Amino acid sequence: MHRFRPIGLLVAFLVAALIALLFQFVSIASPLPLSAWSLNNSDLDRLEVMLKQHAILTDEDLREIDTRQLRNVLQGQRPERTPQTNEPIRTWFLPVAFIGIIVCIVILFTCYPARVFLWGDEIERYANTVQKRRVIWGIIISVTVVSVLSRFLFEGVSSWFG
């Protein structure tokens, strides 16, 4: 008779949790949008003056337009430099997450006893263990799914405002 071994399931969950945790630190960056290469209003005004002066732009005019586009790209892509006031708090995120994962694994190991004797008071105790196991797995899976989905939602929404 094949006995169910929770170790493989716990290892698979640990690997999935670590991958989900790594997704929190990896940015899903989209390529540079075409709008970043566009000219702003002052650049368009300057281009209009150039075209009124002469119908065919000179090499110097084209270089100036390219320089303005590159300046706009740098301005749009480089984040604002602000002092990192929350840096000490951010350093605790990873250890707290790992401690939480380890605590969940330890609790789950207590929910999978090596031997079960189902008679007398053990029947009720094992039923409580199975119920605790279901609740813990529900919490772990729902927290993992919510965190991964919230990361994708954050990346999607931030691309609209970025």
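The values are calculated or read from the model by the stated rules, or taken from the named source; none is laboratory data. In this text the structure is predicted, and so the values were computed from the model without any measurement. Please note: Cβ atoms are built from the backbone with ideal geometry, for glycine as well, and neighbour counts cover all protein chains shown.
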_Residue tally, condition surrounded by 13 or more Cβ atoms within 10 Å (Cβ to Cβ) and at pLDDT 80 or above, over the stretch 102-121_ = 2
*Within the set of pairs 6 or more residues apart or between chains, which connect a residue that is part of a helix (DSSP H, G or I) inside the stretch 69-81 to a residue that is at pLDDT below 70 with Cβ atoms less than 6 Å apart?*
69/37; 73/36; 76/36
*Quick check, is residue 154 surrounded by 11 or more Cβ atoms within 10 Å (Cβ to Cβ) and not hydroxyl-bearing (Ser, Thr, Tyr)?*
yes
*asked:* Here are the criteria: (1) at pLDDT 85 or above; (2) in contact with a Phe, Trp or Tyr (Cβ under 9 Å, 6 or more places away or on another chain); (3) not aromatic (Phe, Trp, Tyr). Tell me which single one residue 128 does not satisfy.
replied: (2)
_Filter pass, residue 99 being out of contact with any Cys (no Cβ under 6 Å at 6 or more places or on another chain) and at pLDDT 80 or above_ = yes
*Positions within the stretch 138-147 being at pLDDT 85 or above and surrounded by 15 or more Cβ atoms within 10 Å (Cβ to Cβ), in sequence order*: 144, 147
